[in-house]
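K.L.:
The structure that follows is given in the form of structure tokens.
We did not get these values from a lab; they are worked out from the coordinates using the rules stated. As the structure is a prediction and not an experimental result, all values here were calculated from the model. Here the Cβ is made from the backbone with ideal geometry for all residues, glycine too, and neighbour counts use every protein chain on show.
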Amino acid sequence: MTGADILILIKKHPIGMICGAVAVVCGATLYFRSDAIDQTKVRAEEIAKQSQVMLTNVRNSAGLTLAQQTATIQQAARQLENRLVKANQLATNLQYFYRLESDTGVKLTDVRQNQVGRAATNGIYLGVPYSVTFQGTFKQVLEFLQRIENGKHFSKYSSVSFNKAAGAESGAGALSVSMNIELLGTP
């Protein structure tokens, strides 16, 4: 087929030839741009997920009231403040341990508030360290430790060591406990 024959064919069937050319152009575009379809599908899925999250947030936000939430947060902050130890109130802080001594029946042999490290004073809250040594029966020791753990102040044990108590006044089966503990507080 020559160029003249092609021109005659185009003139005889113009609509068919135009449709054929459009089909070839569409096929080439589809072939070369097939990766765009996958990218568009992924983008559509992302948009659908974002819209679902937004709808869920709008649906869940209907029951929220700012005033009620503010009051709840303020109450929680007051409770937190009441549970903090003031590092500079040594007598009040040691009274906590003496009260536990009288409640549980253990015998405190040494209670000291240790120095707060310089690195710990950078934040709003800090751990106020204590060294506590006491003696008592197994039951009394466990009650003392549980009262510290579940007590008024937030606490963290650094170390606890149990030994059999020495001496005649300690009694049979008595334990001697030495521990380092931190109570959450403010400078």
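K.L.:
GNM on the chain, C-alpha springs below 10 Å: top fluctuator among I73, I18, I47?
P.N.:
Sorting by GNM fluctuation, first place goes to I18.
K.L.:
Of the labelled options [x] 24.1; [y] 17.8; [z] 21.2, which one gives Kirkwood radius over Cα pairs in Å as computed for this structure?
P.N.:
Looking at Kirkwood radius over Cα pairs in Å for this model, the match is [x].
K.L.:
Between Rg and the Kirkwood Rh of segment 85-186, both from Cα atoms, what is the Rg to Rh ratio? Show your work: numbers first, answer last.
P.N.:
On the way: Rg = 14.1 Å, Rh = 14.1 Å.
Result: Rg/Rh = 1.00.
K.L.:
Can you give the relative contact order of the chain as a percent, counting alpha carbon pairs under 8 Å and 6+ residues apart? Before the final figure, lay out the partial values.
P.N.:
On the way: 196 pairs, mean separation 36.8, N = 187.
Once normalised by length, the contact order is 20 percent.
K.L.:
What is the angle, in °, between the Cα long axis of helix 34-61 and the longest principal axis of the Cα atoms in the chain? Nearest 10 is fine, range 0 to 90.
P.N.:
Roughly 40 degrees, rounded to the nearest 10.
K.L.:
In segment 85-186, how many lysine pairs have Cα atoms under 19 Å apart, counting only pairs 8 or more places apart or on different chains? Spell out each step's value before the answer.
P.N.:
On the way: K86/K152; K86/K156; K107/K139; K107/K164; K139/K164.
So the count works out to 5.
K.L.:
Once you charge only the Cβ atoms, +1 for Lys and Arg and -1 for Asp and Glu, what is the size of the charge dipole of the chain about its Cα centre, to the nearest 20 debye?
P.N.:
Working: 19 positive and 13 negative charges, 59 e Å.
So the dipole magnitude of the chain works out to roughly 280 debye.
K.L.:
Across segment 179-187, in residue order, what do the Karplus-derived ³J(HN,Hα) couplings come to in whole Hz, using 6.51 cos²θ - 1.76 cosθ + 1.60 with θ = phi - 60° and x for Gly and Pro?
P.N.:
9, 10, 9, 10, 10, 5, x, 10, x
K.L.:
Of all beta bridges DSSP finds with both residues in the chain, what is the antiparallel percent, to the nearest 5? Can you show the working numbers first?
P.N.:
Details: 26 of 28 bridges.
The antiparallel proportion sits near 95 percent.
K.L.:
With θ set to phi - 60°, apply the Karplus curve 6.51 cos²θ - 1.76 cosθ + 1.60 along segment 81-87 and write out the HN-Hα couplings as whole Hz, x wherever there is a Gly or Pro.
P.N.:
After applying 6.51 cos²θ - 1.76 cosθ + 1.60, I find 4, 5, 8, 7, 9, 8, 4 Hz.
K.L.:
What does the net charge come to around M179 if you take all other residues with beta carbon closer than 12 Å to its beta carbon, with K and R at +1 and D and E at -1?
P.N.:
-1
K.L.:
Any idea how far the Cα center of segment 36-94 sits from the one of segment 1-28, in Å?
P.N.:
Between the Cα centres of segment 36-94 and segment 1-28 lies a distance of 66 Å.
K.L.:
Could you work out how far helix 14-32 tilts from the main Cα principal axis of the chain, as a 0 to 90 degree angle to the nearest 10?
P.N.:
Once rounded, one gets 20 degrees.
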